[in-house]
Amino acid sequence: MKLFTIPGTCALSVHVVLEWLGVPYAIEVMSRGSNRTENYLAINPSGQVPAFLLDDGRVLTEAAAILVYLSDLHPEAGLGNGNDPFARYELGQLLSYLTGEVHVAFKPYFQPARFLADESLFKALQDQAFAVLDPMLRRLDGMLAGARFILNDRRSVADPYLYVLLRWVDNAPRGISPYPELARYRRDLENDGAVLRALKAQA
């Protein structure tokens, strides 16, 4: 198996899970822009990361889908929600919220030119992006009150994805300080051996 990643992206979540699982894998850390080359587009036509190349030549894309695949492939690790339909819904709902709502809300900050042609309006757009993000972050902060992980006390594949998003919160006007539970949670994960190994490999 081989993971294609770019530092600072949500592909880090897949990298952390691979480390948690302790399975053999290869990794290709690419620079920004190399994901638009002909060689990479042949692997993932969307030009996004992560891409995950299986041993049989099939390619998986979209971080949330890869995370669920890995949790299903290794149920013994307990990173998914087993066979209980409602528990699987809870994990799917959380991953959908993180990828489809919270992640998307960051895009106007990181890529304002995708939304506006007038550069003089970029700062106002970025400020509005954080105004949209604030209630989402407060909701997640509340969900973590008294909980070690985002699904209570059980580690899951949703945790490294949320961790990636929280690394981006430092770009917010007030950083992560308004969200004490998120700050505590991020500190805990930053001391996780798998997270440290993945960060070092992608540095």
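Tabulated data
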quantity: The chain, helix-only ellipticity at 222 nm - DSSP H runs n ≥ 4, -39,500 (n - 2.57), divided by all residues, nearest 500; calculated: -15500 deg cm²/dmol
quantity: Percent of Cα pairs exceeding the 15 Å cut-off, where the set is segment 93-146; calculated: 52
quantity: Nonlocal amide H pairs with Glu28, under 5 Å, H built at 1.01 Å; calculated: Leu3, Phe4, Thr5
quantity: Dimensionless Rg ratio for segment 159-203, taking C-alpha atoms and the 2.2 N^0.38 Å reference; calculated: 1.16
quantity: Vicinal HN-Hα couplings computed from phi for segment 84-92 (Karplus, 6.51 cos²θ - 1.76 cosθ + 1.60; Hz; Gly/Pro x); calculated: 6, x, 6, 5, 5, 4, 4, 5, x
quantity: Per residue accessible area of segment 84-123, 1.4 Å probe, in Å²; calculated: 63
quantity: For segment 112-124, Karplus couplings with θ = phi - 60° (6.51, -1.76, 1.60), whole Hz, Gly/Pro x; calculated: x, 5, 6, 10, 9, 8, 8, 4, 5, 9, 4, 4, 5
quantity: Diffusion constant of the chain at 4 °C, which comes from Stokes-Einstein with the Kirkwood Cα-pair radius and 1.567 mPa s, µm²/s; calculated: 73
quantity: Carbon plus sulfur fraction of accessible area for the chain, probe 1.4 Å, in percent; calculated: 52
quantity: Highest-first arrangement of 114-120, 149-155, where packing means the average Cβ count within 10 Å; calculated: 149-155, 114-120
quantity: Convex hull of segment 70-179 built on C-alpha atoms - directionally averaged projected area, nm²; calculated: 7.8
quantity: Amide H within-cut-off set for Phe149, under 5 Å, with H built and near neighbours excluded; calculated: Arg154
quantity: Sequence-distant lysines (8 or more away, or on other chains) whose Cα lies within less than 26 Å of Lys200; calculated: Lys2, Lys107
quantity: Alpha-carbon centroids, segment 42-98 and segment 115-144: separation in whole Å; calculated: 27
quantity: Dimensions (Å) - segment 30-111, Cα atoms, principal axes, largest first; calculated: 42, 37, 16
quantity: Karplus-derived 3J(HN,Hα), 6.51/-1.76/1.60, for each residue of segment 175-180, Hz, glycine and proline x; calculated: x, 8, 4, x, 10, x
quantity: Kirkwood Rh and Cα Rg combined as Rg/Rh, segment 137-181; calculated: 0.97
quantity: Cα pair distances of segment 1-58 binned at 10 Å [whole percent]; calculated: 24, 56, 20, 0
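The values are calculated or read from the model by the stated rules, or taken from the named source; none is laboratory data. Everything numeric here is computed off the predicted structure, so don't read it as measured data. Using ideal geometry, Cβ is built from the backbone for each residue, glycine included, and neighbour counts are taken over all protein chains shown. To get the accessible areas, we keep the full protein, side chains included, count just its heavy atoms, and leave off ligands, DNA and RNA. Shrake-Rupley method; radii C 1.70, N 1.55, O 1.52, S 1.80 Å.
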